[in-house]
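What follows is a short report on a single structure.
The values are calculated or read from the model by the stated rules, or taken from the named source; none is laboratory data. Just so it is clear, the structure is predicted and the values come from calculations on it, not from any experiment. We place every Cβ from the backbone using ideal geometry, glycine too, and count neighbours over all the protein chains shown. Note: areas computed on protein heavy atoms with side chains; ligands, DNA, RNA excluded. Shrake-Rupley method; radii C 1.70, N 1.55, O 1.52, S 1.80 Å.
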Amino acid sequence: MLVLFETAAGYAIFKVLDEKKIQEVDSLWKEFETPEKANKIIKLKHFEKFQDTTEALAAATALVEGKMGKTLKKVLKKVVAKEAHEQLAINDAKLGGVIKDKLNLSCVHSPAVAELMRGIRNQIEGLITGLPPREISAMSLGLAHSLSRYKLKFSPDKVDTMIVQAISLLDDLDKELNNYIMRCREWYGWHFPELGKTITDNLAYCKSVRKIGDRTNVATTDLSEILPEEVEAEVKLAAEISMGTEVSEQDIGNIMHLCDQVIEITEYRSQLYDYLKNRMMAIAPNLTVMVGELVGARLIAHAGSLLNLAKHPASTVQILGAEKALFRALKTRRDTPKYGLIYHASLVGQTTAKNKGKISRMLAAKAALAIRYDALAEDATAEMGVENRAKLEVRLRHLEEKGIRRISGTGKAMAKADKYQHKSDVRVYDPSGDSTLPSGSKKRKFEEVEAEAEAEEATPVEVKAKKPKKEPAAEEPETEAAEEPPKKKKKKKEKKQEAEEEMVEVKEEEDATVSQAAETTEKKKKKKKKVKEEEED
């Protein structure tokens, strides 16, 4: 039986000398009390030393993930494959399955093997010759540090993790600053409410409160370093007629301490923004030119790293940050969002609402190229980003001016458009709709009658040939058809007569009302005359 043992220095393969003693699991630890006893049980057959820490880290990570590395495969082919009839004792059952599939070697993993590995680990310095203990401990420490960095996903070369942390901290600082400033304005507003309306800038407000303290000190305080002259005059005037309440010195002290915190955090935020700006220009210069420092850093933070962001297609970059809206739209079968975090880029912000979708799509396509160039190029410069941004600005200008170019042809000639002719739909007022009475037949004009008479004279009279008499059965439908027009004419005449009768009735009613009104007026006049005559008598 052969034993595969992994160390920080390399791979060791031992040959088991006495397999019977290995089966005794409970008493196996006694055989490894001293190096001499251990050498009687097992013997070193081959040792493959790692060349450097990078190779050791690659082998260790492969073992952690249950995979077979290149170095291990080489060792197994070189040593174990010659003695294929013997079993190979390993510490990881998952690795044993991989070795069996790829190299067709029988692997063993049992409690006895685990106890054997524990014994070898205790006497490793005596079993492996040619390696001093100090070297083994140094290699173990270096491998431990490298492996822990790998597990924590931290690498000194992978500096985009600093961008992720910086943009997250910047967002947290903005939230905290907002809360602190609101609290400061509300707190000091009880004492001097007019100051908050006069000074709109938050940092200037906190500095002014820090310098003033009690509002009675405004007259003697010089605020020229913080505020303009006009604002300073307004503050001093407002302090004389302030409606605020009186507060104690202890309250003013707490408010001033809060102002100190706001001023410190604001200064640190500006320092952090400068750091983020420089870091973004160093790591992703093309992306920074395309979308800006903050938007680029948020895209990297959302994807996890610059390399992960480079794997995303342009369509994903376009809606990155709007996943919730996307899945809601897909679920409800509505329009999907056109932009996510990229909406805050300056190019998208300066376009009209109509063209935001087009510009965000084009910007995402160019940004995806810039991200891949930044992530995978060795010496990345911002030249490509500047060129692509200039192209996008030209395209944006054409969209704003509605200069649609032809796809075919030279590409430079403008598309021809027909001359626009305005057609006004002016409607003429029809006064016939005003009358509620049925309109009678209109008389034709004399000129039209003469024109029709002349036309009839000009047309020659055609002589119709007599038709042969048909059977009476065939004549019946003709007579019925001939009888229909007179019926229609009768109906029209009846309608006209009814309309005329209604007109006559209306006129009679009007005449009756007029006569009644005349009679009443005459009666009143007679009564007045009688009253006058009686008064004269």
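Some notes on this structure:
- Residue list for segment 21-36, restricted to those being polar (S, T, N, Q) and either under 15 Å from Leu127 (Cβ atoms) or at pLDDT 80 or above (or both): Thr34
- When each of Ala310, Ala370, Ala314 is tested for being within 23 Å of Tyr273 (Cβ to Cβ) and surrounded by 14 or more Cβ atoms within 10 Å (Cβ to Cβ), the lone residue that passes is Ala370.
- Pick from segment 212-256, criterion closer than 18 Å to Tyr180 by Cα and in a helix (DSSP H, G or I), ranking: most open to solvent (accessible area, probe 1.4 Å): Asn254
- Close pairs (7 angstrom Cβ cut-off, 6 or more residues apart or separate chains): surrounded by 12 or more Cβ atoms within 10 Å (Cβ to Cβ) in segment 148-168, at pLDDT below 65 anywhere: Arg149/Ser155; Thr161/Phe154
- Restricting attention to segment 17-34, the residues that are farther than 29 Å from Ala144 by Cβ, of a type in the set (A, V, I, L, M) and not in a loop (DSSP other than H, G, I, E, B) total 1.
- The C-beta contact set for segment 18-47 (first residue within 17 Å of Val113 (Cβ to Cβ), second residue of a type in the set (S, T, N, Q), distance under 7 angstrom, 6+ apart or interchain) comprises Phe32/Asn122; Phe32/Gln123; Ala38/Gln123.
- If you filter segment 407-420 down to residues that are open to solvent by 100 Å² or more (accessible area, probe 1.4 Å) and either within 22 Å of Lys356 (Cα to Cα) or among the hydrophobic types (A, V, I, L, M, F, W, C) (or both), you find that the one that is modelled with the lowest pLDDT is Ile407.
- From the options Val159, Val164, Val218, residue that is farther than 30 Å from Arg298 by Cβ and among the hydrophobic types (A, V, I, L, M, F, W, C): Val218
- Check on Thr71, hydroxyl-bearing (Ser, Thr, Tyr) and within 14 Å of Phe14 (Cα to Cα): no
- As a summary of the residue check, Lys207 satisfies the conditions (1) over 23 Å from Asn179 (Cβ atoms); (2) at pLDDT 90 or above; (3) surrounded by 15 or more Cβ atoms within 10 Å (Cβ to Cβ); (4) of a type in the set (D, E, K, R) except for the one numbered (1).
- The number of residues in segment 344-361 being more than 15 Å from Val386 (Cα to Cα) and part of a helix (DSSP H, G or I) comes to 9.
- Note on segment 56-89: residues that are part of a helix (DSSP H, G or I) and open to solvent by 50 Å² or more (accessible area, probe 1.4 Å) amount to 9.
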